[in-house]
Amino acid sequence: MPIKYVPLYKDPIKGQAILDNFTRTKRVLKYGKNEEVYDHINRGMPYYELEENEIVGNDKDTKNLLVRGECISTCAYLKDKGIEVDLVYIDPPFASGMDYSKKVYIRKNPKLLDKIKKKEEKLKDEELQSFDEKMYGDIWNKEMYLNWMYDNLMAIKSIMSDNASIYVHLDHHICHYVKILLDEIFGEENFVNEIIWSYRSGGASKSEALPQKHDVIFLYKNGDENVINNKIERQYLDKPFMDTKIDKDGKYYVDTILRDVFEGAPYIMNENKLEQYNMRPVLNLSKERLDYDTQKPEGLLKILIEIASNEGMVVADFFGGSGVTAKVANDLKRNFISCDVGINSIQTTRDRLVSENANFKIMDIKDGVNLYRNPIQTMDKLKHLINGLNDDNTLDSFWMGSIKDSKKGKIPVYVPNLIDSSTRVLDLHIIDEIMKIYMQNLDNVEKVIVYYIDIEDEEKIKKYIKDNNNTGIEIELRDLKVILSQTIIDDKVDYLSFDNKEDSRKKYGIEIKRFISDRLSNKISEYNQKGFLNQEKKKDTDNKKEFKPIIISEEGLELIEYISLDCTNKQGKWQSDEEIKISKEGYVITNGKKTKTFWNGKITSSKKPLRMKVRNIAGDEVVLQIEN
Ligand SMILES: C[S@@+](CC[C@H](N)C(=O)[O-])C[C@H]1O[C@@H](n2cnc3c(N)ncnc32)[C@H](O)[C@@H]1O
């Protein structure tokens with residue numbers, strides 16, 4: 001349950017046309033669920049309990065925040081604390097109709113180190129063994145998406161300073177609809193630019209259409225003041241040419257005036273001279289890749305942040321992903337706030353910022369959406385966890401499926417869509433919709449089960465059901481959190497503490513002897529089974545490539561991605577006094593710095609470790625007290 005609701009801003013409804021405009025003007029885009037959105041706005045943003053998990057860096061008073069939680073919950077926190085932001089960049093789900101996943105790479109087994117060393121050459125990504133884990137889902141119906149987006153944009157506006165501005169990064173799937181929402185929320189007169197970012201590779205191509213090679217970034221201001229403070233883009237060149245200048249470090253550059261089309265082409269399209277020019281930085285994602293689908297290039301963010309903010313300002317990204325906004329804001333001496341619902345995003349961003357020696361706090365909002373890694377994996381998991389639940393295509397897709405009960409017969413089951421935060425709190429609107437629409441079409445059903453993550457007021461809802469349920473069908477309310485929390489089994493770590501004689505500065509050591517992860521073992525056996533099945537299916541075709549199953553050693557150390565030692569606190573906030581990350585090729589990254597040493601199964605520290613955190617390759621973390 002939220003602790004309270006935080007008002008968006010004073011009189012959010014009055015004077016704001018909100019969604020009424022759409023129905024009033026009878027535009028083709030007609031809004032359903034107007035009242036529900038209206039109610040959310042009036043009610044305010046749900047404020048949840050939160051935990052400060054870790055402070056990274058030496059600056060204990062840092063304003064930089066990395067928050068695991070939903071955009072709206074994060075805004076509720078900021079609003080409650082009176083924190084305002086000066087520039088927002090969001091790159092939310094685009095309603096692209098796709099699920100995005102992360103490649104999870106199996107690391108090297110340190111017990112086979114000698115063999116590995118003989119093959120010192122760097123392995124290419126394709127030679128590494130990996131499987132995919134879903135990271136976030138982007139499948140929406142348009143109306144649901146726009147209602148959700150409206151809630152999010154209203155929340156964001158409520159924490160923007162008077163002279164702040166906002167970039168909203170989208171593409172052809174939904175940008176034109178969102179432009180209308182933005183006009184409603186920020187005012188048509190506050191629209192500044194539609195920026196086209198045109199990229200070279202990627203993008204979908206339909207046979208009947210021209211290749212789609214651009215995204216759209218809308219810029220709006222929140223107040224009257226001009227928000228673009230710099231229209232010059234500096235591009236560095238390898239060699240001097242025409243009007244190049246030289247900076248104090250002896251590098252050649254040209255200053256060009258930015259236009260609203262950011263093309264991924266060289267500065268001058270002179271075929272003979274083409275090779276002389278660096279590509280615009282916006283194109284250079286290849287060196288920055290962090291295996292995070294939908295990651296945007298630092299060069300793009302650099303331009304956007306530079307033109308609309310100054311040093312010392314607060315730059316926020318509420319759909320942080322790989323943390324590109326936070327990284328670039330930090331490079332440009334801005335403060336940053338980054339949030340995301342997915343555990344992989346938070347870890348990727350954290351590790352990225354650690355390598356930059358950034359100072360920041362990590363907070364976890366207990367908003368219930370990130371129950372298991374991320375909303376989409378939680379949804380998938382739920383299907384298996386609800387006892388007896390089966391797909392049922394005789395029912396509307398509103399129901400997740402049904403349970404067969406010996407006494408009551410078929411029981412349809414509703415589970416909120418965790419991707420859409422607006423369905424998270426079970427309120428009178430949702431119950432009303434269930435009773436008045438979805439239960440009306442049920443034949444031969446005596447009972448339904450309605451799961452919730454949060455409930456507005458259980459007694460009130462039960463009374464409402466009693467007074468208004470005319471279907472004759474019983475409704476059982478159930479808490480989702482209960483089933484999820486009971487079934488997650490932590491990874492197990494066997495370790496040995498030792499005195500490190502090899503390095504007098506790092507006298508303490510821990511050697512991991514064994515690592516067991518039920519979640520990963522299940523995932524890997526699923527992957528292997530599928531692989532063999534597919535191979536069997538392709539037996540008679542030309543494509544007879546042999547499937548190589550993933551085999552994990554007895555010790556299981558190749559399933560570890562990261563280890564951190566807290567030598568300061570026995571409990572509470574985490575302090576990472578020593579940490580190593582193991583790159584996908586098996587090399588050690590020590591306190592954010594890459595090395596060329598393969599991991600040997602150990603971690604050493606200068607102070608005595610009190611706690612150890614171990615993260616597996618899919619992002620699950622377990623914390624152990626170190627006993628001596
Ligand atoms: C397109 S990606 C962002 C990519 C990012 N700009 C980058 O360059 O890496 C969208 C992100 O939004 C996150 N997300 C989805 N719904 C969210 C919500 N309600 N609140 C916060 N983050 C959310 C997803 O987990 C995903 O990481």
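The values are calculated or read from the model by the stated rules, or taken from the named source; none is laboratory data. The structure presented is a predicted model; accordingly, all values stated were derived computationally and were not measured. FYI the Cβ positions are ideal-geometry reconstructions off the backbone, even for glycines, and counts take in every protein chain you see. We work out accessible area using only protein heavy atoms, side chains counted, and drop any ligands, DNA or RNA first. Shrake-Rupley method; radii C 1.70, N 1.55, O 1.52, S 1.80 Å.
For the condition at pLDDT 85 or above and exposed (fewer than 12 other Cβ atoms within 10 Å of the Cβ), what is the one hit in Val216, Val261?
Of the residues listed, the single one that is at pLDDT 85 or above and exposed (fewer than 12 other Cβ atoms within 10 Å of the Cβ) is Val261.
With respect to the numbered conditions (1) in contact with a helix residue (DSSP H, G or I) (Cβ under 8 Å, 6 or more places away or on another chain); (2) part of a helix (DSSP H, G or I); (3) at pLDDT 85 or above, which one is the sole condition not fulfilled by Tyr451?
Answer for Tyr451: the failing condition is (2).
Among the numbered criteria (1) in contact with a Pro (Cβ under 6 Å, 6 or more places away or on another chain); (2) under 12 Å from Ser158 (Cα atoms), which single criterion is violated by Tyr48?
(2)
When you check Thr325 against the structure, is it within 9 Å of the ligand (Cβ to nearest atom), within 15 Å of Lys102 (Cβ to Cβ) and touching a Ser or Thr at 6+ places or on another chain (Cβ under 9 Å), yes or no?
no
When you check Glu188 against the structure, is it modelled with pLDDT under 85 and open to solvent by 40 Å² or more (accessible area, probe 1.4 Å), yes or no?
Taking the combined requirement at face value, the residue does not satisfy it.
Filter the stretch 31-74 for residues that are surrounded by fewer than 22 Cβ atoms within 10 Å (Cβ to Cβ) and part of a helix (DSSP H, G or I) and give the result.
Scanning the stretch 31-74 gives Asn34, Glu35, Glu36, Val37, Tyr38, Asp39, Ile41, Asn42, Arg43.
Just checking, how many residues over the stretch 41-62 are within 21 Å of the chain's Cα centre (by Cα) and over 22 Å from Glu579 (Cα atoms)?
Residues that pass the stated criteria total 6.
Return the residue satisfying two criteria in turn: it lies in the stretch 388-429 and is of a type in the set (Val, Ile, Thr) and touching a residue at least 12 places away in the same chain (Cβ under 8 Å), and of such residues it is nearest to the ligand (Cβ to nearest atom).
Out of the qualifying residues, it is Ile419.
Having 2 or more residues that are open to solvent by 20 Å² or more (accessible area, probe 1.4 Å) and farther than 24 Å from Phe498 by Cβ is the bar; report the strands (runs of 3 or more DSSP E) wholly within the stretch 539-628 that clear it.
Answer list for the stretch 539-628: 593-598.
Which of (1) of a type outside the set (A, V, I, L, M, F, W, C); (2) open to solvent by 20 Å² or more (accessible area, probe 1.4 Å); (3) at pLDDT 85 or above does Glu120 not meet, given it meets every other one?
In the conditions (1) of a type outside the set (A, V, I, L, M, F, W, C); (2) open to solvent by 20 Å² or more (accessible area, probe 1.4 Å); (3) at pLDDT 85 or above, Glu120 misses (3) alone.
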